[in-house]
There are 2 protein chains.
Amino acid sequence: MSKWRVLETTEIFKSGFFRVRTEKCELPDGRIMPRYYVMEFPDWVNVIAVTPEGMAIVVDQYRHAAGEVFLEIPGGSTDPRSKEDPLVAAERELLEETGYRAGRWIAIGSHSPNPATQQNRLHTFIAVDCVKVQQPQLDPYEDLVARLMPITELYERVDRGEVTHSLILASLALARSHLRKLFLIDGNPVGASF
Amino acid sequence: MSKWRVLETTEIFKSGFFRVRTEKCELPDGRIMPRYYVMEFPDWVNVIAVTPEGMAIVVDQYRHAAGEVFLEIPGGSTDPRSKEDPLVAAERELLEETGYRAGRWIAIGSHSPNPATQQNRLHTFIAVDCVKVQQPQLDPYEDLVARLMPITELYERVDRGEVTHSLILASLALARSHLRKLFLIDGNPVGASF
């Protein structure tokens, strides 16, 4: 199984850093895919932020495409104008959305939000020893409220199917084994170890 | 926190069942969002399929937007022409991609692949007592290979960050507590209980 060969590429739509292109491709066995849609977004970041008391900083956010409020964690887009480092974007988004700053950051990996339709990656961080240093400063069109929830409860909600934003679920799944090693979930709700 | 009011909607792109529209919206506090992009897709399905021996049926699939092969589980799109029921789509995708049919299906819930940009839902199913009944019959442009892997190993790979397709991770996160109750992971790798 190897890469498809791109025979033709056509940009069909562009708005800021969101672009859509179609590609005519040749598969490894010679089949021709006449028109594959690829969407281009900047990389995204998600932050599992925890206070010294073992509280996760969660965000209730209205998402207009689905028309509902979702239980989320802080996160957002890297800024492609400055080729923003994902860690810098994670620090910025945490501060802007919640007013918290972390004592320590752990990069736990990245995944592809939807590799069938888009090229970008989502980078997930665990932020520990978070303390509130200012009021949130939201982007003009963000409609969200930050609040605290025991990190153990957040994972109970995952298990009960109450976290219904796939990309949040994916980051929480990736973080699970790390949080266990940090003694933050599965038997030790208080982050006394760091 | 309540729904945004749509003041204007404009379809800007359409190809089959993939559509993009922009909406001018009024937020609950009176702010005006001039142009919010909404992508429309049919609902999707993912299947955690397990054999009587405790093997998960996984799929290695090339995803052209990301240009890589991903470790996935069977799944795909519902057919909007027939308003296809998600369970029927799940049975069909499992059979087409892997050649397996399940003895029992468990619907474990749905989530939103990306509620910031698209309206659709992803429905996740656990399929137990799966047996091979035919050869896979792939769609014209699918580039994938199905194989067996112990379900316990699949979750070890999740914990090691080796499952890097967010939507697959999300379905596996949602299934985790159900599989534990079915004695399929976390201490009992063989599905002897059903």
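When restricted to residues that are farther than 21 Å from A:Phe70 by Cα and modelled with pLDDT of 90 or more, segment B:1-18 contains 5.
Residues are listed down the side, and each one gets a yes or a no for (1) under 19 Å from A:Tyr37 (Cα atoms); (2) assigned by TED's automatic domain parsing to the domain that holds B:Val145; (3) not aliphatic (A, V, I, L, M):
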site: B:Pro34; (1), (2), (3): no, no, yes
site: B:Val50; (1), (2), (3): no, yes, no
site: B:Pro86; (1), (2), (3): no, yes, yes
site: B:Trp105; (1), (2), (3): no, yes, yes
site: B:His111; (1), (2), (3): no, yes, yes
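Test A:Gly109 against the stated conditions and say whether it is within 11 Å of another protein chain (Cβ to nearest Cβ), touching a residue at least 40 places away in the same chain (Cβ under 8 Å) and not charged (D, E, K, R). Here the answer is yes, as A:Gly109 does meet what is asked.
Just a yes or no: is a residue in segment A:80-94 surrounded by fewer than 21 Cβ atoms within 10 Å (Cβ to Cβ) and touching a residue at least 60 places away in the same chain (Cβ under 8 Å)? Within segment A:80-94 (the criterion being surrounded by fewer than 21 Cβ atoms within 10 Å (Cβ to Cβ) and touching a residue at least 60 places away in the same chain (Cβ under 8 Å)), the answer is yes, since at least one residue qualifies.
Inclusion of B:Asp139 among residues that are loosely packed, with under 15 Cβ neighbours inside 10 Å, more than 10 Å from chain A (Cβ to nearest Cβ), of a type in the set (Asp, Glu) and within 20 Å of B:Asp60 (Cα to Cα) is warranted. When segment A:122-135 is limited to residues that are surrounded by fewer than 22 Cβ atoms within 10 Å (Cβ to Cβ) and more than 16 Å from A:Pro52 (Cα to Cα), the one that is nearest to the other protein chains (Cβ to nearest Cβ) turns out to be A:Gln135. Residues in segment A:6-62 that are in a loop (DSSP other than H, G, I, E, B) and more than 21 Å from A:Pro115 (Cβ to Cβ): A:Gly16, A:Gly30, A:Thr51, A:Pro52, A:Glu53, A:Gly54.
Each residue in segment A:108-121 was checked for being hydrophobic (A, V, I, L, M, F, W, C) and either at positive phi or in contact with a Ser or Thr (Cβ under 6 Å, 6 or more places away or on another chain) (or both), and 1 of them qualify.
Is it the case that some residue within segment A:126-133 is of a type in the set (Lys, Arg) and touching a Gly at 6+ places or on another chain (Cβ under 8 Å)? Yes; the residues of segment A:126-133 include at least one that is of a type in the set (Lys, Arg) and touching a Gly at 6+ places or on another chain (Cβ under 8 Å). Take the conditions (1) assigned to a helix (DSSP H, G or I); (2) surrounded by fewer than 18 Cβ atoms within 10 Å (Cβ to Cβ); (3) not hydrophobic (A, V, I, L, M, F, W, C); B:Gly109 misses just one of them, which is (1). Selection over segment B:63-94 of residues that are closer than 22 Å to B:Glu153 by Cβ, assigned to a strand (DSSP E or B) and either under 12 Å from the mean Cα position of the chain (by Cα) or among the hydroxyl-bearing types (Ser, Thr, Tyr) (or both) gives a count of 2. Looking only at residues of segment A:42-77 that are of a type in the set (D, E, K, R) and closer than 19 Å to A:Gln137 by Cα, we find that the one that is farthest from the other protein chains (Cβ to nearest Cβ) is A:Glu72. Inclusion of A:Glu162 among residues that are within 14 Å of chain B (Cβ to nearest Cβ) and either in contact with a Pro (Cβ under 7 Å, 6 or more places away or on another chain) or surrounded by fewer than 16 Cβ atoms within 10 Å (Cβ to Cβ) (or both) is warranted.
Only a single item in (1) surrounded by fewer than 14 Cβ atoms within 10 Å (Cβ to Cβ); (2) at the interface with chain B (Cβ under 9 Å from one of its Cβ atoms) is not met by A:Val6, and it is number (1). Checked against (1) acidic (Asp, Glu); (2) on the phi > 0 side of the Ramachandran plot; (3) modelled with pLDDT of 95 or more, B:Asp186 passes all but a single condition, namely (3). Would you check if there is a residue in segment B:28-40 being farther than 21 Å from A:Phe13 by Cβ, touching a Cys at 6+ places or on another chain (Cβ under 9 Å) and either in contact (Cβ under 8 Å) with a residue 24 or more places away in the chain or more than 13 Å from every other protein chain (Cβ to nearest Cβ) (or both)? Yes, segment B:28-40 contains at least one residue that is farther than 21 Å from A:Phe13 by Cβ, touching a Cys at 6+ places or on another chain (Cβ under 9 Å) and either in contact (Cβ under 8 Å) with a residue 24 or more places away in the chain or more than 13 Å from every other protein chain (Cβ to nearest Cβ) (or both).
The values are calculated or read from the model by the stated rules, or taken from the named source; none is laboratory data. This is a predicted model, so every value here is computed, not measured. Positions of Cβ are backbone-derived with ideal geometry, glycine not excepted, and every protein chain shown enters the neighbour counts.
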